[in-house]
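Step one of this worksheet: look at the structure below.
Every number here is computed from the coordinates shown, using simple stated rules; none is lab data. Note that the coordinates shown come from a computational prediction; the quantities given were computed from them, not determined experimentally. A quick note on method: Cβ atoms are made from the backbone with ideal geometry, for glycine too, and the neighbour counts reach across all protein chains shown.
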Amino acid sequence: MNIDQPLQLLGGLSPALFMSRHWQKKPLVIRQAIPGLMAPIDRAELFDLAAQDDVQSRLVIQTPADADRPWRLKQGPFGRKALPALKQPGWTLLVQSVDLHDARARALRDQFRFVPDARLDDVMVSYASDGGGVGPHFDSYDVFLLQAHGQRRWRIGRQKNLDLQPGMPLKILADFTPEQEFVLQAGDMLYLPPRYAHDGVALGECMTYSIGFRAPGAGELAQEILQRFAEQARDEVGDTLYRDPKQVAQADCAKIPADLTRFAQESVEKALQDPLALQRALGEYLSEPKAQVWFDSSNAPLDPTQGVCLDRRTQMLYDAAHIFINGESFLASGRDATLMSQLADQHRLSASDIRRLSAGALELLAQWFEDGWLQMDQQDESPSP
Ligand code: SIN
Ligand code: CO
C-alpha cells in the first residue's frame with residue numbers, strides 16, 4: 001500500500017498523515033469515505049449470519065418505559081423469530097467478526113491495512129431499528145464507524161469522567177457530555193480514538209460497520225509470552241539436578257538455602273536466554289486464529305503451477321527472523337523469507353514465485369494448503385513454464 005497517497009477513504013488524507021494527525025489522538029468525520037456505498041451485507045444476510053452457531057452476535061433492546069431495566073442484552077445465535085419485529089423501535093443486532101465469514105467484509109477490512117495487521121481486529125456489523133443504539137459509552141480501542149445503510153446521529157465528547165451506570169448489562173456512561181453532533185449518511189465514516197465517549201442513534205432503520213482494532217495489554221502479553229517460555233523451559237534448560245556438596249549443617253531447618261534460590265534464578269535465566277524466544281512467542285500469540293475459527297482441510301494437494309492466496313481466516317505475520325501463521329512459527333531467511341513475507345503482506349503468491357521457494361518452504365506451503373490455510377488463487381493465471 002502506498003502510505004503517501006491521499007485516500008478518499010480518509011477524507012483526502014494519506015495514510016501517513018491520518019496516522020500522524022488522528023490515530024490514537026483525535027476524531028475525524030469523513031463525508032463519503034466510500035461514495036455511493038450500499039451495505040454489501042444486507043439485512044437478510046446479516047440476520048442469517050446471526051443465526052449461525054459459529055458467529056458471535058448480541059441483541060440490545062431499549063426499554064425506556066421500564067425504569068429498572070432500560071437496557072436488555074441477549075447473546076446469540078438468534079433465529080429470525082428471536083429478533084424483534086422490524087417496526088419495533090429501539091433495538092440493535094450486533095454481529096462480530098463478519099470479515100471471517102464474508103469476503104466482502106474482509107475486502108473492506110483490507111482497505112485499513114495501513115494499520116499493522118497485528119492491530120486489526122474485526123469488522124462488526126450492526127443493524128438498528130429506528131431509534132436503536134447501544135447507548136452512550138466508550139470503547140477501549142480505536143474504531144472506524146462506517147455508515148453502510150440509512151442514517152445515524154452521532155454525538156461524541158472528550159470527557160475525562162468515564163464512570164459507568166451501575167447494574168447495566170452493557171457499558172452505559174453515567175454522565176455523558178456530548179460536544180459535537182453529526183448525522184452520518186451511507187458512505188460517511190467516523191474515526192474515534194480509544195476512550196472517546198460516543199452515542200449513535202439510528203434515524204430510521206440503519207446499518208453501521210465498525211472496523212475495530214485490538215491492543216494487547218501488558219499483563220496479557222507477559223502472561224502469554226511467559227506461558228510459551230514455560231512450555232519450552234524443560235527442553236531449553238535440561239534436567240540437571242540441584243547439587244549441594246558444600247551445604248553445611250543448618251540449624252534453621254525450614255529456611256530455603258540461598259544456593260537453591262540462586263540455582264532457580266539461573267535456571268529461569270537460561271530458559272530466557274534464547275534471543276529469539278520472545279519474538280517467537282509474541283508472533284505465535286498475535287497470529288493465533290480467533291476462538292471460533294476452524295479451517296476446512298483440502299482434499300486435493302497443492303498444484304504448484306497455480307498461485308495461492310491466504311484463506312480469509314488465516315492470520316499471517318512476520319518479523320526479522322520468523323514467519324508466523326495461525327499460531328505457528330518458522331525460522332526463515334534469504335529468498336524464502338522474502339517470498340513468505342510477500343505472501344503475508346499481499347495475501348497471495350504467484351505460481352512463478354512459488355517456483356522460487358526452496359524445497360523445505362514448498363513443503364510447508366503444501367502442508368498449509370492441505371490444512372485449508374491457503375486456497376488456490378483464482379486471480380493468478382500465470383502459465384506454467
Ligand atoms: C453500533 O454499531 O451500534 C455500535 C457501534 C459503537 O458505538 O461502537
Ligand atoms: Co462504540
Tilt of helix 359-370 relative to the longest C-alpha principal axis of the chain, in degrees (0 to 90, nearest 10)?
40
How far, in nm, would the chain grow between A254 and R153 when pulled straight, counting 0.36 nm per residue and subtracting the alpha carbon separation?
29.5 nm
Enter the Cα centre distance for the pair region 63-121 and region 189-211, rounded to the nearest angstrom.
12
Taking placed amide H atoms and a strict 5 Å upper bound, the residues 5 or more places from L120 or on another chain that come that close are R214
Just rank F114, F324, fewest to most, by other beta-carbon atoms within 10 angstrom.
F114, F324
Give me the extension gain from V268 to R243: residue separation times 0.36 nm, minus the current Cα-Cα distance, reported in nm with one decimal.
7.3 nm
I'd like to compare 254-264, 19-29, 325-335: which one has the highest average count of other Cβ atoms within 10 Å, and what's the full order after that?
325-335, 19-29, 254-264
Under 1.5 on a/c is rounded, so check that first for region 233-274, then, if it is not, pick prolate when a/b is larger than b/c and oblate when it is not; a ≥ b ≥ c are the square roots of the alpha carbon gyration tensor eigenvalues.
prolate
Placing +1 at every Lys and Arg Cβ and -1 at every Asp and Glu Cβ, with all other atoms neutral, what dipole size does the chain have around its Cα centre, in debye to the nearest 20?
1360
Entries in K74/K290; K26/K171; K160/K290; K246/K270; K87/K171; K87/K290 that, when Cα-Cα distance is taken, lie over 28 Å:
K160/K290; K87/K290
Which length gain, in nm to one decimal place, applies between N299 and A218 when the Cα-Cα distance is subtracted from 0.36 nm times their residue separation?
25.0 nm
A student applying the Cα gyration tensor rule (rounded when a/c is under 1.5; otherwise prolate if a/b is larger than b/c, oblate if not) would label region 8-213 oblate
